[in-house]
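Student: Submitted below is the structure of interest, expressed as structure tokens.
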Amino acid sequence: MEIGQGYLTVMAQIAAEVLTVPVHRIRMEPPDTDRNAYEWQTVGSHVTWGCGNAVKAAALDVRGKMFEVVERALGLPRDSLYLDNEKVKCRARPDFELLFKDFVISGIQTPHGNFIGGPILGSGVFMPEFTSALSDPETSQGGHPNVHYTVGAAAAVLEVDKQTGRMRVLKAVLAVDAGKAINPELVKGQVIGGVLQGLATVLYEDIRYDLKGKLLNANFTDYKIPTALDLPMKLCRSSSRSPSPTAPMARAASANTP
């Protein structure tokens, strides 16, 4: 689900990259269990990776069906076709170009008067089939239970009032290896939010009960969470870019090169 991390924007970027259309032309809709297939959870720093691969597969499916229609209707070899700026073009015929809007809904009319094609619909799924939870029963080693690990390190400089116990975070530093960022600004927001959430766990959030087990802080008036005003006085972030071979855009959409 979209919970503020901006994943719908990133999904639109991935689809737009494959289909060579402006991002604003991609309409994203929040998922709904009434109509959408099962997806795991919005956790684990995996949404761009997992859902992104599925969206890329769907966009590639659409592209392949476009090429199929053009090949059948116009006789142009599929391996000579590519997408560019909302058009199908042909390496063998530099003068050829066909706008998406002229055929992706209605198909292509042949010299015989019939139409080939029709509304082009694509779908895509992604399952990390290379993982395995099996391991050696004696050593618990082996297998491949996780697709990847989130790697990072953090440090903070604190100021503590010895009389009152009040603590201020003067400076916080967080370094993460986020791989190749599809949307760097959204990654920045995730890093800053991660710092604040970590500080919340340590300094603010605390569920309290009385001696009879009654919850004492059942609302946000009494259950304290930090706001933007509680950010450290100085916040430093660093992101490295170790590429992941299984990331959705790790390899360029090669069929879109002239």
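Student: For residue 144, what accessible area in Å² do you get when you roll a 1.4 Å probe over the heavy atoms of the protein chains, rounding to the nearest 10?
Tutor: Taking all protein chains as shown, residue 144 has close to 70 Å².
Student: Test of understanding: given the chain, find the longest segment containing no chymotrypsin sites (Phe, Trp or Tyr not before Pro) that are in a DSSP loop and have at most 14 other Cβ atoms within 10 Å.
Tutor: It works out to 41-129.
Student: Same structure, new question: With +1 on the Cβ of every Lys and Arg and -1 on the Cβ of every Asp and Glu, and nothing else charged, how large is the dipole of the range 1-120 about its Cα centre, in debye rounded to the nearest 20?
Tutor: 320 debye
Student: Which whole-percent values make up P(r) of the range 26-90 when all C-alpha to C-alpha distances are grouped in 5 Å steps starting at zero?
Tutor: Cα pair-distance distribution for the range 26-90, in percent: 3, 13, 19, 19, 13, 10, 12, 8, 3, 0.
Student: Against the globular-protein guess of 2.2 N^0.38 Å, express the Cα radius of gyration of the range 118-258 as a ratio, rounded to two decimals.
Tutor: Values: Rg = 22.3 Å, N = 141, 2.2 N^0.38 = 14.4 Å.
So the range 118-258 has a normalised radius of gyration of 1.55.
Student: For the chain, with a Gaussian network of springs between Cα atoms less than 10 Å apart, report the residue from 65, 89, 171 with the top mean-square fluctuation.
Tutor: In this elastic network of the chain, the residue with the biggest mean-square fluctuation among 65, 89, 171 is 171.
Student: How much accessible area per residue does the chain have, in Å², with a 1.4 Å probe?
Tutor: 68 Å²
Student: Could you please put 17, 205 in sequence from largest to smallest accessible area, using a 1.4 Å probe?
Tutor: Result of the area sort, largest leading: 17, 205.
Student: Please give the FRET efficiency for residue 41 paired with residue 87, using the beta carbon to beta carbon distance and R0 = 45 Å, rounded to the nearest 0.05. The partial results should precede the final answer.
Tutor: Numbers: r = 39 Å, r/R0 = 0.86.
Calculated transfer efficiency: 0.70.
Student: Let me ask another. When the chain is modelled as a GNM with alpha-carbon springs shorter than 10 Å, which of 141, 190, 13 fluctuates the most?
Tutor: 141
Student: Would you mind working out the magnitude of the charge dipole of the chain relative to its Cα centre, with +1 at each Lys and Arg C-beta and -1 at each Asp and Glu C-beta, to the nearest 20 Debye?
Tutor: Dipole size: approximately 620 debye.
Student: One-quarter of the Cα convex hull surface for the range 157-221, in nm²?
Tutor: The number I arrive at for the range 157-221 is 7.3 nm².
Student: Tell me the Kirkwood hydrodynamic radius of the chain in angstroms, computed as one over the mean inverse distance between distinct C-alpha pairs.
Tutor: 22.6 Å
The values are calculated or read from the model by the stated rules, or taken from the named source; none is laboratory data. Just so it is clear, the model here is predicted, and its values are computed rather than measured. Neighbour counts run over all protein chains shown; Cβ positions are idealised from the backbone, glycine included. When the accessible area is computed, the model is the full protein with side chains, heavy atoms only, and any ligands, DNA or RNA have been set aside. Shrake-Rupley method; radii C 1.70, N 1.55, O 1.52, S 1.80 Å.
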